[in-house]
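Below is one structure, written out as structure tokens; the observations come after it.
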Amino acid sequence: MKKIAIYPGSFDPITNGHIDLIKRASKLFDTVIIGITQNSKKSSFLTINNRLKGARDALTDIDNIKVMSFDTLLVDFAEAQNAQIILRGLRAVSDFEYEFQLSGMNKHLNPHIETLFMTPAEQYANISSSLVREILSLGGNISSFVPANIETLLKETFA
């Protein structure tokens, strides 16, 4: 059986921290699906189409990934994709409580899908999409936090 993992998120924008986790996960699984969704608790800066294209362009060097959008329950999307694993990134201890609650709820909704937590490489531990957007909005340099194509996309969108 192929091992398929889903790495879900809003990816608004995808950052070097996300990409680090995706590259590392791609070595562990046959396929890693980057599931981009609209988070109902957040207003998006980039459109879903820009987030999809930006992620695809940033990840062209990884063969065993797919970038897709979804607007259903995560466990339903995972089941439709025959995924057995949901990947979640933990940057800090503060992320754990929320992620632990999500993991428990997903396990309740579908006991056949496991959640795997991964931590970022040290140099990416403080990067978040919201901080990247804030730095950009204040005129700061975001080039070390996102791939070049995403920096260009963000600057065009912000302008």
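The values are calculated or read from the model by the stated rules, or taken from the named source; none is laboratory data. Please read all numbers here as calculations on a predicted model, not as lab measurements. We place every Cβ from the backbone using ideal geometry, glycine too, and count neighbours over all the protein chains shown. These accessible areas exclude ligands, DNA and RNA; they are computed on the full protein's heavy atoms, side chains included. Shrake-Rupley method; radii C 1.70, N 1.55, O 1.52, S 1.80 Å.
Only protein heavy atoms count here; under a 1.4 Å probe, Met118 has an accessible surface of about 20 Å².
Structure note, pairs Lys27/Lys155; Lys53/Lys155; Lys66/Lys155; Lys23/Lys53: Cα-Cα distances above 24 angstrom occur for Lys27/Lys155; Lys66/Lys155. Accessible surface of Phe100, taken over heavy atoms with a 1.4 Å probe and every protein chain present, rounds to 130 Å².
Give, as ranges by residue number, the residues of segment 2-37 whose backbone N falls under 15 Å from the point 7 Å along Cα→Cβ of Ser130. Under 15 Å, as judged by backbone N against the label point of Ser130, lie 10-13 of segment 2-37. For segment 1-41 versus segment 82-128, the spacing of their alpha-carbon centroids is 11 Å.
Dividing the summed helix terms, -39500 (n - 2.57) for each DSSP H run of n ≥ 4, by the number of residues in the chain produces a 222 nm estimate of -12500 deg cm²/dmol to the nearest 500. In the context of the full set of protein chains, the chain has a per residue accessible area of 56 Å² (1.4 Å probe). Put a plus charge on the Cβ of each Lys and Arg, a minus charge on the Cβ of each Asp and Glu, and nothing anywhere else: the dipole of segment 4-158 about its Cα centre is then about 140 debye.
With the full set of protein chains in place, find how many percent of the accessible area of segment 4-158 is carbon and sulfur; take the probe as 1.4 Å.
Here it works out to 52 percent.
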